[in-house]
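The values are calculated or read from the model by the stated rules, or taken from the named source; none is laboratory data. Since we're looking at a predicted model, the values are computed, not measured. Heads up, the Cβs are rebuilt from the backbone with ideal geometry, glycines too, and the neighbour counts pull from every protein chain shown.
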Amino acid sequence: MNAGKSTSLLQSNHNYEVRDLKTYLFTPQVDADHHNGQIHSRIGLSKEAHVFKEDFNFCDYFDNKTNENVSCILVDEAQFLTKDQVKQLCNVCDSYNIPVMCYGIRTDFQGNLFAGSAALLAYADTLVELKTICQKKKCSRKATMVARLNSAGEIVTEGSQIQIGGEQYKVYCRKHFRKLTGLI
């Protein structure tokens, strides 16, 4: 949420592409439907991506790519991966020596881990946090929590875990998230 995750992913991909190295970009179906199958950043960058659903198997997909000399796999909105898909990406990385870089958020609007995020926290070799600032006026703390807004701009604390659309979310430090939502 305004930390530049998709922008960073697209920059990493660009760095591979300018060296004529092959990459594979992935985005989940739930986000692809909203962005026409592209990885999209708020600053206007976008790139076509392979779309995965919950039943997509990364091992099966990359078993057929062994002679393509793949240099990197980049996954946007990685919080929507399943635990099994994270394990599959680990397997692809380890078996074929292909770096896998996943970009996503850690928790939902209620402060709960997404399944993909929990698995990445457990299995990733390296975690790099992209930082953004709390959206509460006059607060300069690091934003670590995501709050969902309704159409009237009011914070909501109930509803389905997945609801796509960056305009309906704001990021806050834990202190202000707690005060605004009462969830912590």
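I need the full set of residues from segment 100-151 which are among the β-branched types (Val, Ile, Thr), over 21 Å from Ile162 (Cα atoms) and assigned to a strand (DSSP E or B), in order please. Show your work before the answer.
Within segment 100-151, the subset among the β-branched types (Val, Ile, Thr) is 100, 105, 107, 126, 128, 132-133, 144, 146.
Restricting the remaining residues to those that are over 21 Å from Ile162 (Cα atoms) gives 100, 126, 128, 132-133.
Correct list: Val100, Ile133.
Restricting attention to segment 60-98, the residues that are part of a loop (DSSP other than H, G, I, E, B), β-branched (Val, Ile, Thr) and within 14 Å of Tyr123 (Cα to Cα) add up to 1. Touching a helix residue (DSSP H, G or I) at 6+ places or on another chain (Cβ under 8 Å) and among the polar types (S, T, N, Q), is that true of Thr107? Judged against the criteria, Thr107 is a match. Only residues that are surrounded by 12 or more Cβ atoms within 10 Å (Cβ to Cβ) and over 28 Å from Asn36 (Cα atoms) were counted in segment 142-154, giving 3.
When Lys5 is tested against (1) within 30 Å of Gln135 (Cβ to Cβ); (2) under 14 Å from the mean Cα position of the chain (by Cα); (3) at pLDDT 95 or above, exactly one condition is not met: (3). Working carefully through the options Ser12, Ser71, find the one that is surrounded by fewer than 16 Cβ atoms within 10 Å (Cβ to Cβ) and under 16 Å from Cys93 (Cβ atoms). Exactly one of Ser12, Ser71 is surrounded by fewer than 16 Cβ atoms within 10 Å (Cβ to Cβ) and under 16 Å from Cys93 (Cβ atoms), namely Ser71. Restricting attention to segment 155-174, the residues that are out of contact with any Leu (no Cβ under 8 Å at 6 or more places or on another chain), surrounded by 13 or more Cβ atoms within 10 Å (Cβ to Cβ) and either free of Cβ contacts under 8 Å to residues at least 40 places away in the same chain or more than 14 Å from Arg106 (Cα to Cα) (or both) total 4. Does segment 54-71 include one or more residues that are of a type in the set (A, V, I, L, M) and touching a Leu at 6+ places or on another chain (Cβ under 8 Å)? Taking every residue of segment 54-71 in turn, none turns out to be of a type in the set (A, V, I, L, M) and touching a Leu at 6+ places or on another chain (Cβ under 8 Å). Selection within segment 96-141: residues that are without any contact (Cβ under 8 Å) to a residue 24 or more places away in the chain and under 25 Å from Glu68 (Cβ atoms). The member of this set that is surrounded by the most Cβ atoms within 10 Å (Cβ to Cβ) is Ala124. Restricting Val86, Val70 to those that are more than 25 Å from Asn150 (Cα to Cα), more than 17 Å from the chain's Cα centre (by Cα) and among the hydrophobic types (A, V, I, L, M, F, W, C) reduces the list to Val70.
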